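Student: Would you mind keeping the following structure in view while I ask a few things?
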Amino acid sequence: MQGRIDKVSGPLVVASGMADAKMFDVVRVSEHRLIGEIIELRNDKASIQVYEETAGLGPGEVVESTGEPLSVELGPGLIAAIYDGIQRPLTAIREMVGDRITRGIDVSSLDTEKKWAFKAVKSQGDRVEPGDIIGTVQETTIVEHRIMIPVGTEGIIEEIFEGDFTIVEPVCRVRNGSGELVDVIMRQKTPVRIGRKYKTKLSPEVPMVTGQRVIDTFFPVSKGGTAAVPGPFGSGKTVVQHQLAKWADADIIVYVGCGERGNEMTDVLMEFPELKDPKTGEPLMQRTVLIANTSDMPVAAREASIYTGITIAEYFRDMGYSVAIMADSTSRWAEALREMSGRLEEMPGEEGYPAYLSSRLAEFYERAGRVLCLGQDHREAAITAIGAVSPPGGDISEPVSQGTLRIVKVFWGLDSALAYRRHFPAINWLNSYSLYTARLAKAMGEATHEDWNELRKKAMSLLQKEAELEEIVRLVGVDALSLADRLVMETARSLREDYLHQNAFHEVDTFTSLPKQYKMLLLILTFHEEAEAAFDEGAEFADLLLVPVREKIGRAKYVSEDRMEELDDLMLEIKDQVKGLIPKGDLPYA
């Protein structure tokens with residue numbers, strides 16, 4: 001079906017003669033065959049969001065509808081791939097046309113000629129239903145790609161093959177209920193705006209361990225949870241997401257660079273192939289899908305990149321994997337929505353953003369979750385969504401931050417003051433929160449020790465008390481504080497500098513397991529309790545601050561995971577050295 005261009009306004013093209021088109025159909029615009037998507041229909045006029053540069057287009061040029069919604073191709077070949085916002089493989093495009101993406105280029109998202117070694121796990125005569133795994137392909141050294149029966153196919157396996165096949169060759173034939181033979185290939189096509197089906201959603205009771213102490217201890221996120229990382233420019237949003245991509249307890253990482261600067265995406269592209277996966281020792285890229293949609297690419301493609309990323313994440317979730325999707329940043333996506341809304345002349349909401357901004361954000365985050373997948377084997381899997389938000393000037397009262405905070409359950413608020421002090425991660429412990437803490441308390445206790453939650457609460461109360469005392473210190477100086485309060489200040493400083501501060505570039509300190517986090521926290525709080533008791537029995541405050549064991553507590557973060565018994569020895573040293581400061585015999589002022 002063809003129409004004609006009436007008007008071109010940046011990424012928005014209005015075409016007439018499109019009465020038979022449907023919402024969200026993909027269209028090809030002009031002789032350049034630019035990719036676009038219908039986002040509004042009025043009578044026979046269609047408003048089209050074009051995902052490529054529209055310079056040079058004019059009225060009268062042809063618009064052709066494909067009759068299909070914007071979809072992604074799913075199958076072997078996704079892992080380690082680098083796509084743009086509409087799932088065009090950037091490596092293949094570079095080989096074809098060089099360093100610049102030419103307009104209208106049409107490249108298959110997955111290689112249809114490469115052969116993959118398919119191993120069957122089902123047999124002839126087995127009954128299958130949507131979501132059942134019929135075989136596997138070893139896609140990378142880390143990831144086993146599981147080939148599933150697509151939605152809409154059900155019946156008895158008539159034939160199943162083994163050997164080397166392309167993603168478009170049949171690997172299985174199923175006789176359905178009406179007696180027809182259906183070919184099953186390794187490739188699936190899925191519309192991006194509709195979530196993939198699953199059986200049921202499960203409650204978020206399993207922690208996603210990140211190895212970042214401030215997150216795991218105070219503001220944990222569950223598998224299948226949602227988290228936001230708002231913060232001003234330079235506060236470390238991207239670095240936090242890189243750390244989570246490297247170390248989070250997830251099988252597959254989908255990293256969406258949505259409208260970020262090109263140099264930040266370049267960092268990811270350069271770093272990930274060199275980084276070693278801590279579980280396998282292989283390059284991290286071997287379990288990562290990258291969607292690179294930089295700020296100099298067409299604005300409209302930012303919206304598509306978010307949906308492309310979450311659909312790919314759902315596909316790996318359906319295989320039974322735990323997936324983490326990083327969106328960096330949703331503010332750039334919201335800016336694209338604002339621009340398109342303005343060009344459509346819609347009634348603006350707050351600060352010019354469209355009135356439906358919150359519902360679009362919710363559509364993205366609600367596709368995260370821990371679920372029971374389709375299929376007969378009752379496999380559990382999860383998508384954890386972590387979105388960076390870049391509010392102008394760090395002001396989180398603006399609409400994107402507020403809309404996000406109403407939806408997500410974890411808020412890691414980045415603080416520019418901490419970032420300038422080179423405190424990483426620069427997550428402010430006083431205004432961040434996690435609504436999963438109570439639900440995850442049991443699982444965290446089982447992974448560490450039954451008094452984990454008590455320790456966590458005690459550490460947080462010390463940090464909050466320190467913030468109150470700092471107000472007094474600023475007004476009248478530290479000498480106005482009682483010695484007990486000064487001890488609180490010292491312990492809180494130890495918590496900040498020795499526990500919460502982490503070195504992302506240190507081979508040991510970059511990741512801390514839950515048992516080690518527990519022992520490190522216990523060391524600091526044990527020193528506080530022992531020092532309080534010794535102080536009450538007459539020990540000198542100045543001597544307590546100078547005990548040699550305090551330096552060892554500060555260096556506990558650099559003790560590797562295989563030498564954890566050293567932390568147990570340190571516990572005994574704390575007790576011995578602090579008790580050694582208590583005066584013998586009667587106290588002179590007793």
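The values are calculated or read from the model by the stated rules, or taken from the named source; none is laboratory data. Note that the structure is a prediction, hence the values are computed from the model and not measured. Positions of Cβ are generated from backbone atoms using ideal geometry, with glycine treated the same way; all protein chains shown enter the neighbour counts. Surface accessibility is based on the protein's heavy atoms, side chains included, excluding ligands, DNA and RNA. Shrake-Rupley method; radii C 1.70, N 1.55, O 1.52, S 1.80 Å.
Student: Report, ordered by the first and then the second residue, all pairs with beta carbons closer than 8 Å, sequence separation of six or more or different chains, a first member in the range 99-126 that is among the acidic types (Asp, Glu), and a second member that is not in a loop (DSSP other than H, G, I, E, B).
Tutor: Listed pairs, sorted by first residue: Asp111/Ala92; Asp126/Ile156; Asp126/Ile157.
Student: Further question: Name the pairs: first residue in the range 307-321 and farther than 15 Å from Lys223 by Cα and touching a residue at least 12 places away in the same chain (Cβ under 8 Å), second residue open to solvent by 10 Å² or more (accessible area, probe 1.4 Å) and of a type in the set (Ser, Thr, Tyr), Cβ to Cβ under 6 Å, at least 6 apart or on different chains?
Tutor: Pairs that qualify, where the first residue is farther than 15 Å from Lys223 by Cα and touching a residue at least 12 places away in the same chain (Cβ under 8 Å) and the partner is open to solvent by 10 Å² or more (accessible area, probe 1.4 Å) and of a type in the set (Ser, Thr, Tyr), are Thr311/Thr190.
Student: Still on this structure, I have one more. Enumerate the pairs (first residue in the range 364-375 and more than 14 Å from Gly225 (Cβ to Cβ); second residue anywhere and part of a strand (DSSP E or B) and open to solvent by 10 Å² or more (accessible area, probe 1.4 Å)) with beta-carbon separation below 9 Å, excluding pairs fewer than 6 apart on the same chain, so at least 6 apart or on different chains.
Tutor: Here the result reads Leu372/Thr200; Leu372/Lys201; Leu372/Leu202; Leu372/Glu380; Cys373/Glu380; Gly375/Ile133, each pair linking the range 364-375 to a residue that is part of a strand (DSSP E or B) and open to solvent by 10 Å² or more (accessible area, probe 1.4 Å).
Student: Among the candidates Thr280, Thr190, which residue alone is in contact with a Lys or Arg (Cβ under 9 Å, 6 or more places away or on another chain), assigned to a loop (DSSP other than H, G, I, E, B), surrounded by fewer than 24 Cβ atoms within 10 Å (Cβ to Cβ) and of a type in the set (Val, Ile, Thr)?
Tutor: On inspection, the qualifying residue turns out to be Thr280.
Student: So, one more: Among the residues of the range 54-67, is there at least one that is under 30 Å from Val171 (Cα atoms) and outside any loop (DSSP other than H, G, I, E, B)?
Tutor: yes
Student: Can you tell which of Glu551, Glu532, Glu573, Glu540 is out of contact with any His (no Cβ under 7 Å at 6 or more places or on another chain), under 21 Å from Arg213 (Cβ atoms) and surrounded by fewer than 19 Cβ atoms within 10 Å (Cβ to Cβ)?
Tutor: Glu551
Student: Now for a separate question. Report the residue count in the range 321-345 for those that are out of contact with any Phe, Trp or Tyr (no Cβ under 9 Å at 6 or more places or on another chain) and more than 27 Å from Tyr198 (Cβ to Cβ).
Tutor: Total satisfying the criteria: 10.
Student: Turning to a different aspect of this structure: Is the range 208-226 home to any residue that is touching a residue at least 60 places away in the same chain (Cβ under 8 Å), open to solvent by 10 Å² or more (accessible area, probe 1.4 Å) and more than 27 Å from Arg332 (Cα to Cα)?
Tutor: Yes - at least one qualifying residue is present in the range 208-226.
Student: From the list Gly393, Gly403, Gly413, exactly one residue is open to solvent by 70 Å² or more (accessible area, probe 1.4 Å) and either in contact (Cβ under 8 Å) with a residue 40 or more places away in the chain or in contact with a His (Cβ under 8 Å, 6 or more places away or on another chain) (or both). Which is it?
Tutor: Values: Gly403 fails: open to solvent by 70 Å² or more (accessible area, probe 1.4 Å); Gly413 fails: open to solvent by 70 Å² or more (accessible area, probe 1.4 Å).
The conditions single out Gly393.
Student: Continuing with the same structure: Just to confirm my filter: which strands (runs of 3 or more DSSP E) fall fully inside the range 6-53 and include at least 3 residues that are under 36 Å from the mean Cα position of the chain (by Cα) and not aliphatic (A, V, I, L, M)? Even if it seems obvious, please write down each step before you answer.
Tutor: Working: elements: 12-16, 25-29, 34-42, 45-50.
Result: 34-42.
Student: Of all residues in the range 300-340, which are on the phi < 0 side of the Ramachandran plot, assigned to a loop (DSSP other than H, G, I, E, B) and either in contact with a Lys or Arg (Cβ under 6 Å, 6 or more places away or on another chain) or buried (at least 24 other Cβ atoms within 10 Å of the Cβ) (or both)?
Tutor: Across the range 300-340, the qualifying residues are Ala300, Met319, Ser329.
Student: Restricting the search to the range 441-472, which residues are of a type in the set (A, V, I, L, M, F, W, C) and open to solvent by less than 40 Å² (accessible area, probe 1.4 Å)? Walk me through it before giving the result.
Tutor: Taking the range 441-472 first, the residues of a type in the set (A, V, I, L, M, F, W, C) are 441, 443-444, 447, 452, 455, 459-460, 462-463, 467, 469, 472.
Listed by number, the residues that qualify are Ala441, Ala443, Met444, Trp452, Leu455, Ala459, Met460, Leu462, Leu463, Ala467, Leu469.
Student: Which ones in the range 423-434 are open to solvent by less than 30 Å² (accessible area, probe 1.4 Å) and touching a residue at least 60 places away in the same chain (Cβ under 8 Å)?
Tutor: Of everything in the range 423-434, those that are open to solvent by less than 30 Å² (accessible area, probe 1.4 Å) and touching a residue at least 60 places away in the same chain (Cβ under 8 Å) turn out to be His423, Pro425, Ala426, Ile427, Trp429, Ser432, Ser434.
Student: Is it the case that Tyr420 is within 23 Å of Ser461 (Cβ to Cβ) and surrounded by fewer than 18 Cβ atoms within 10 Å (Cβ to Cβ)?
Tutor: Working: within 23 Å of Ser461 (Cβ to Cβ): no; surrounded by fewer than 18 Cβ atoms within 10 Å (Cβ to Cβ): yes.
So Tyr420 fails the test.
Student: Scan Thr136, Thr140, Thr112 and give me the residue that is polar (S, T, N, Q), within 27 Å of Leu284 (Cα to Cα) and touching a Ser or Thr at 6+ places or on another chain (Cβ under 7 Å).
Tutor: Thr112
Student: What are the residue pairs meeting all of these: first residue in the range 341-356, first residue touching a residue at least 40 places away in the same chain (Cβ under 8 Å) and on the phi > 0 side of the Ramachandran plot, second residue open to solvent by less than 30 Å² (accessible area, probe 1.4 Å) and charged (D, E, K, R), Cβ atoms under 8 Å, and 6 or more apart or on different chains?
Tutor: Between residues of the range 341-356 that are touching a residue at least 40 places away in the same chain (Cβ under 8 Å) and on the phi > 0 side of the Ramachandran plot and residues that are open to solvent by less than 30 Å² (accessible area, probe 1.4 Å) and charged (D, E, K, R), the close pairs are Glu351/Glu398.
Student: Further question: Could you grab me the full set of residues in the range 475-502 that are modelled with pLDDT under 90, in a helix (DSSP H, G or I) and not hydrophobic (A, V, I, L, M, F, W, C)?
Tutor: The one that is modelled with pLDDT under 90, in a helix (DSSP H, G or I) and not hydrophobic (A, V, I, L, M, F, W, C): Asp479.
Student: Name every residue in the range 483-509 that is closer than 13 Å to Pro425 by Cβ and open to solvent by less than 10 Å² (accessible area, probe 1.4 Å), in order of residue number.
Tutor: Tyr499, Leu500, Gln502, Asp509
Student: If I ask for residues that are out of contact with any Ser or Thr (no Cβ under 8 Å at 6 or more places or on another chain), closer than 30 Å to Thr294 by Cβ and aliphatic (A, V, I, L, M), which ones from the range 1-28 would you list?
Tutor: Ala15, Met23
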